[in-house]
Amino acid sequence: MRDNDWTKILGWPGYRVYRTEIDEGAKALKLWVRRKSGNQKVVCSSCGRRVSEICEVYEREVRDLACFEYQTTVVLELYRVRCPQCGVKTEKVEQLPSKAPFSKRFEEAVGQACESAAARQVAKRMGLAASTARAIDLRYLERWSAGRRKPALRQMGVDEIYLGKKQKFMTVVSNLETVEPLWMGPERKKETLDEFFRTQLRERQRREIEAICVDMWKPYRLSLEQWAPQGRIIYDKFHVLQHAQQAVDEVRRAEFFRQGGRKRKLVKGKRWLLLSRGVNLDTGQKRQLNQLFRLNRRVMKAYLLKESLDRLWNYRYEGAMLRYLQSWVDQLRWQRLQPFEKLAGMLLDHLEGILNYCRTKVPLGVVQAVNGNIKSLLRRGRGYKNLRYLLLKAQRMAVTKTEFITLQKAA
Ligand SMILES: [Zn+2]
């Protein structure tokens, strides 16, 4: 085959193949390329300006996409240039996006593969170390992120994600309109959220925030009042119901802790039944739940209270919502369900923010969807010690896998 044919097959605009080497045993192909004579424009890699003074010619080897069964390496002739602005720099080449020994399209192939498979698996398939595949994926995502327009933040979500006993919590800020996470930070303190406002938004952008969906958690509220006082705080359904689930769980534990071995065995493993929504259960599961209720009326009452609180968000008018909440609180009288009394107190303390749901329309379930995506990423892959990587991954997921989010929304 002639070099000219290899030039066509390689398809790097402005470059031609002038030497090839085929190693049949190792199934390796090596192509040496240099600029075509018509390609005279040399650009400084640091500032992007056109430069004319060339100091040195050197070679760089990068891995490119495989050619049939042959792993392909491209040896590229490059210039070191003297830029009037930056001094001696390497020239900018479209196909070499970083200092790593890979071509741009090779990195893109790895990044795309990492969207549907774990980096570990992609690495194995491509004959790379897992850490290399992750580094490539991160660069791929950074380039994607740098090249996209960031929509304004008008409806903001603030959420905490529990990472486990050691790292405890992290805070996630998301854009509820675009359904994507914007920022992640360790812990869930006021300082955590302060950090987001300080480093991620300009004054003008902070003033554009209209509504914020958030948990009834004082440190967050304090930060929001300081940085986005015009934003309406909404204690959304997802977060409020999380507290209701916790209350059910507390009642369950208190009730069955005192019970003897046989009853305790019956209760074992039923926790999630109590915490899931009744409408999502099948007949068998409902039967199990009823067995549980026959053992303990108080657990049943707690469950029903949680289920009926769910209907609070069926109301579109403040007055109706308030009346429903009042009647819900009234049901607690004489029940002596302490965790629910605590919850009722909390709801009344945060009444404005709960009723704000009727005043500002925010998409329900988005917070939950973003949260769910991040959790599924954390479950699927280790190696998210780098929060930046996790964030970019979750953003990319939000943009490419919209069907997953709509599914969650419907639930
Ligand atoms: Zn320069």
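Annotations
- Residue match in segment 281-288 (condition: assigned to a loop (DSSP other than H, G, I, E, B), at pLDDT 85 or above and within 37 Å of the chain's Cα centre (by Cα)): yes
- Any hit, segment 250-266, residues being closer than 22 Å to Arg311 by Cα and in contact (Cβ under 8 Å) with a residue 60 or more places away in the chain: yes
- Those residues of segment 170-210 which are more than 12 Å from the chain's Cα centre (by Cα), crowded, with 22+ Cβ neighbours inside 10 Å and within 21 Å of Pro363 (Cα to Cα), in sequence order: Leu176
- Selected residue (criterion: surrounded by the most Cβ atoms within 10 Å (Cβ to Cβ)) from residues of segment 31-69 that are within 14 Å of Val88 (Cα to Cα) and of a type in the set (A, V, I, L, M): Val51
- Test: Trp313 is of a type in the set (Phe, Trp, Tyr), part of a helix (DSSP H, G or I) and under 33 Å from the mean Cα position of the chain (by Cα): yes
Residues are listed down the side, and each one gets a yes or a no for (1) under 30 Å from Asp64 (Cα atoms); (2) β-branched (Val, Ile, Thr); (3) in a helix (DSSP H, G or I):
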residue	(1), (2), (3)
Ala123	yes, no, yes
Asp137	yes, no, yes
Ala152	no, no, no
Gly157	no, no, no
Val172	no, yes, no
Thr178	no, yes, no
Thr192	no, yes, yes
Glu195	no, no, yes
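- Selected residue (only one of Gln121, Gln155 is modelled with pLDDT of 90 or more and touching a Pro at 6+ places or on another chain (Cβ under 9 Å)): Gln155
- Sole exception among (1) without any contact (Cβ under 8 Å) to a residue 24 or more places away in the chain; (2) within 28 Å of Leu305 (Cβ to Cβ) for Gln230, by number: (2)
- Filter pass, Val17 being part of a strand (DSSP E or B), more than 16 Å from the ligand (Cβ to nearest atom), loosely packed, with under 11 Cβ neighbours inside 10 Å and modelled with pLDDT of 95 or more: no
- Residues that are within 15 Å of Asn356 (Cα to Cα) and of a type in the set (Gly, Ala, Ser) within segment 202-226 comprise just one, Ala211.
- Selection from segment 376-411 of residues that are modelled with pLDDT under 60 and not in a helix (DSSP H, G or I): Gly383, Ala411
- Some residue of segment 93-109 being closer than 29 Å to Arg380 by Cβ, of a type in the set (Phe, Trp, Tyr) and surrounded by 14 or more Cβ atoms within 10 Å (Cβ to Cβ): yes
- Tyr235 at negative phi and touching a Gly at 6+ places or on another chain (Cβ under 6 Å): yes
- Pairing residues of segment 159-170 that are closer than 12 Å to Arg188 by Cα with residues that are in a strand (DSSP E or B) and small (Gly, Ala, Ser), at Cβ distances under 8 Å and at least 6 apart in sequence or on separate chains, gives Asp159/Ser174; Met170/Gly185.
- Residue match in segment 60-81 (condition: part of a loop (DSSP other than H, G, I, E, B), among the hydroxyl-bearing types (Ser, Thr, Tyr) and out of contact with any His (no Cβ under 7 Å at 6 or more places or on another chain)): no
- Residue within segment 95-111 that is within 16 Å of the ligand (Cβ to nearest atom), under 30 Å from Val51 (Cα atoms) and over 25 Å from the mean Cα position of the chain (by Cα) present: no
- Screening the candidates Leu273, Leu292, Leu224 for the property of being in contact with a strand residue (DSSP E or B) (Cβ under 9 Å, 6 or more places away or on another chain) and in a helix (DSSP H, G or I) yields one hit, Leu224.
- When Tyr79, Tyr58, Tyr70 are screened for being within 16 Å of the ligand (Cβ to nearest atom) and aromatic (Phe, Trp, Tyr), only Tyr79 passes.
- Every condition in (1) over 30 Å from Ala113 (Cβ atoms); (2) within 16 Å of the ligand (Cβ to nearest atom) holds for Gln40 except the one numbered (2).
- Yes/no for Glu160 being among the acidic types (Asp, Glu) and under 16 Å from the mean Cα position of the chain (by Cα): yes
- Identity of the residue in segment 316-346, of a type outside the set (A, V, I, L, M, F, W, C) and outside any helix (DSSP H, G or I), that ends up farthest from Trp272 (Cα to Cα): Tyr317
- Restricting segment 306-359 to residues that are in contact (Cβ under 8 Å) with a residue 40 or more places away in the chain, surrounded by 15 or more Cβ atoms within 10 Å (Cβ to Cβ) and aromatic (Phe, Trp, Tyr), the residue that is nearest to Gln242 (Cα to Cα): Phe340
The values are calculated or read from the model by the stated rules, or taken from the named source; none is laboratory data. In this text, all values refer to a predicted model and were calculated from it rather than measured experimentally. In this analysis, Cβ positions are derived from the backbone assuming ideal geometry, glycine residues included, and neighbour counts consider all displayed protein chains.
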